Amino acid sequence: MPRKSATSRSTTSRSSTSTSRSTASTSRSTASRSTASTSKSTASASRSAPTGKASNYAYGRAKETSVGKAVKAHVNGTSHSRSNGSRGPSDVTVFGKTKYDIQVKASRASTNGSNMCSSNDTAKIIAHSAKNGSTPLIANVKGSVMSVHYAKSGKKMI
């Protein structure tokens, strides 16, 4: 078999290197164009409907405040307060002639599942209210529809 000379080998490797460089630069420019269009659509989507834990927290917080205001108006209460971070069994407390502890379950109207309070959460709010001498309530909010029930009897309040 005849051997190739050194000059013919170097010419072959140079041409394949230049071809791979041009292919790489083409794929980089295509990728940068698609990334730019993706980031534009992502940015516009994030402004219209924020997602993630922070937005879910803000949504729940707003619904807890609206439930507190509605119950306060319904029972002619004097004030309402929201617990920090919704960590305890009671999310909202309404003060008036009677003190009400409220567990709020909120979900967006676009979700398919129900947002019913579990029996464990119900037992916790009842025990918490017994210690504090208050009336336990369960509030379910789905989108703009709100219902408030007494935790012990299940009777509808609002």
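The values are calculated or read from the model by the stated rules, or taken from the named source; none is laboratory data. Because the structure is predicted, anything quoted here is derived from the model rather than measured. Neighbour counts run over all protein chains shown; Cβ positions are idealised from the backbone, glycine included.
Descriptive notes on the structure:
- Subset tally (residues that are in contact with a His (Cβ under 9 Å, 6 or more places away or on another chain) and charged (D, E, K, R)) for segment 104-158: 2
- Members of segment 58-96 that are in contact with a Gly (Cβ under 8 Å, 6 or more places away or on another chain) and not polar (S, T, N, Q): 71, 72, 75, 77, 80, 82, 92, 94, 95, 96
- Total residues in segment 66-85, condition crowded, with 16+ Cβ neighbours inside 10 Å and out of contact with any helix residue (DSSP H, G or I) (no Cβ under 9 Å at 6 or more places or on another chain): 7
- Of the strands (runs of 3 or more DSSP E) contained entirely in segment 89-158, not one carries at least 2 residues that are modelled with pLDDT of 95 or more, touching a helix residue (DSSP H, G or I) at 6+ places or on another chain (Cβ under 6 Å) and not assigned by TED's automatic domain parsing to the domain that holds residue 78.
- Among residues of segment 86-134, those that are in contact with a Phe, Trp or Tyr (Cβ under 8 Å, 6 or more places away or on another chain) and surrounded by fewer than 18 Cβ atoms within 10 Å (Cβ to Cβ), counted: 1
- Close contacts from segment 72-88, counting a first residue that is more than 24 Å from residue 58 (Cα to Cα) and a second that is aliphatic (A, V, I, L, M) and in a helix (DSSP H, G or I), with Cβ to Cβ under 9 Å and a gap of 6+ residues or different chains, come to 77/71.
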